[in-house]
Amino acid sequence: MPKILVVFTGGTIGSKKTQKMIDIDQSTSYELIYLYENSDAKQEVTLDTIHPLNVLSENLVPEDWVTLAHNILHLDLTSYQGIIVTHGTDTLPFTSAALSYIFNDISIPIAMIASNFPLNDPRSTGLNNFTQAIQFILGHPLPGVFVFFENNKGEMQVHLGTRLMPSDPFTDQYDSTYAVPFGSMENGHFIWNSHKTNPTIGMIKKRRRLVLDKSLISFSLEVLYIKPHPGLDYQFYDFWRQKPQAVLHDLYHSGTACALAKDTMRVSLPEFITYCKSQAVDVFIAPLKNQPDDLYASSLQLIEAGAIALGNISIEAAHVKLMLAYGSFAGSVERMQFMKNPLFFEFH
């Protein structure tokens, strides 16, 4: 009988709703197994479980990714056909990217699932997400990290772990970069989404893998993330007391940020980049399309000022990869090489 490892981490899917409050409940995680084994969709499969974390995902920190990974790595994975990780919705794109990088060399699927509502809420899709993840593992065991989430149209979408976008705050819906999920589950079968931005099934199976030294994996907390907005005052980022290892500066949808020529760095990102360089702090900008002929003048100014452009990668996947690079490698050459090396289709 095939075996699947189920890894519980908490989150809404591992929570209970009592009156007006939702909070984690360790026993609720195993309720998912009970519901599945008593459902009409149950298949002949052995479900082993571990519970390395029990947190609401908004409280998750990068150290938890290492804990999660080590708990999985300490097991004999050769006996499993796949792994299912239950997770909260808030930070799911970050954890799915982290596991995609760490386990980029894995030979079995890691299916990540979540739920916008606790299992005891009739609106919950947690059980269906779990069921479809099992069907994917048993029927289409592709190597890598994938996210399964039923949208509000009743469609079971399958996302690559490095391409999942954050859930919309008003509709609670997920999407992939370019609004192109990797595929979907229909009647228990995986349907690949044939789109130019998606890797093929063959590419998933035959991709070149970069084996990381799992014992040295660490995520730096010293990568400063900045999101642009009109009037952003860079004077608040004064590194005289403590400076980050690197800055990741988000961009507007057109790949731009304020590039006004000013005598001070108050609102000018190029001036702030110059300041960071004087402090030996690397500055990365993302997301940015790899179309140099179509860049706005302001985007070119950022690059000319010394910003390192991360092209065709989501800001979440870029942030996690930078934390991993600066936490796991001491030299700048090794970090830059790591950032350029595709691990699990994070670049389009």
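Simple spin-label estimate for Asn59 and Ser107 gives 3.9 nm between the two label positions (7 Å along the Cα-to-Cβ direction from each Cα).
How many angstrom lie between the C-alpha centres of segment 272-348 and segment 141-211? Computed from Cα coordinates, the inter-centre distance equals 24 Å.
Measuring nothing but how far apart in sequence close Cα pairs (under 8 Å, 6+ apart) lie, relative to its length, segment 118-212 scores a relative contact order of 22 percent. For Tyr252, neighbours were defined as the other residues whose beta-carbon sits under 13 Å from its Cβ, and their charges (Lys and Arg +1, Asp and Glu -1) total +1.
If the segment from Ser194 to Arg241 were pulled out straight at 0.36 nm per residue, it would be longer than the present Cα-Cα gap by 11.8 nm. Pairs of Cα atoms nearer than 8 Å and 6+ residues apart set the relative contact order; for the chain it is 14 percent.
Taken as Cα centroids, segment 90-136 and segment 70-87 sit 13 Å apart, rounded to the nearest whole angstrom. Looking at segment 150-232, the trypsin sites (Lys or Arg not before Pro) that sit in a DSSP loop and have at most 11 other Cβ atoms within 10 Å of their own Cβ are Lys153, Lys196, Arg208.
Remark: the Thr67-Ala297 segment gains 78.4 nm on full extension, using 0.36 nm per residue and subtracting the alpha carbon distance. Compared with the dominant principal axis of the Cα atoms in the chain, helix 315-328 is inclined by about 80°. Evaluated with a Cβ-only charge set (Lys, Arg +1; Asp, Glu -1), segment 223-348 carries a dipole of roughly 260 debye about its Cα centre, given to the nearest 20.
Rounded to the nearest 20, the Cβ-based charge dipole of segment 66-198 about its Cα centre (Lys and Arg +1, Asp and Glu -1) stands at 180 debye. Hey, with R₀ at 35 Å, roughly what FRET efficiency would Leu47 and Ser278 work out to, going by the Cβ-Cβ distance, to 0.05? Taking R0 as 35 Å, the efficiency between Leu47 and Ser278 is 0.05.
Measuring between alpha carbons in the structure, the pairs from Lys289/Lys340; Lys227/Lys289; Lys214/Lys289 lying more than 24 angstrom apart are Lys214/Lys289.
Rounded to the nearest 20 debye, the dipole size of the chain about its Cα centre is 640 debye, using +1 on the Cβ of Lys and Arg and -1 on the Cβ of Asp and Glu.
Fully extending the segment from Ala330 to Arg123 would add 69.8 nm, taking 0.36 nm per residue of separation and subtracting the current Cα-Cα distance.
With R₀ set to 35 Å, the beta-carbon distance separating Leu75 from Ile308 gives a calculated FRET efficiency near 0.40.
Charged neighbours of Phe329, selected by a Cβ distance under 12 Å, balance to 0 (K, R count +1; D, E count -1). Compared with the dominant principal axis of the Cα atoms in the chain, helix 92-102 is inclined by about 90°. In terms of its C-alpha gyration tensor, segment 194-348 comes out oblate, because a/c is 1.5 or above while a/b does not outweigh b/c.
Sorted by average packing, counted as other Cβ atoms within 10 angstrom per residue and highest first, what order do 124-137, 240-253 take?
124-137, 240-253
Amide H contacts for Ile108 (H built 1.01 Å from N in the peptide plane; partners 5 or more residues away or on another chain; cut-off under 5 Å): Gly144.
No value in this document is a laboratory result; all are computed from the given coordinates. Computed from a predicted structure; not experimentally measured. Because the Cβ atoms are built from the backbone with ideal geometry, glycine has one as well, and the counts that use them run over all protein chains shown.
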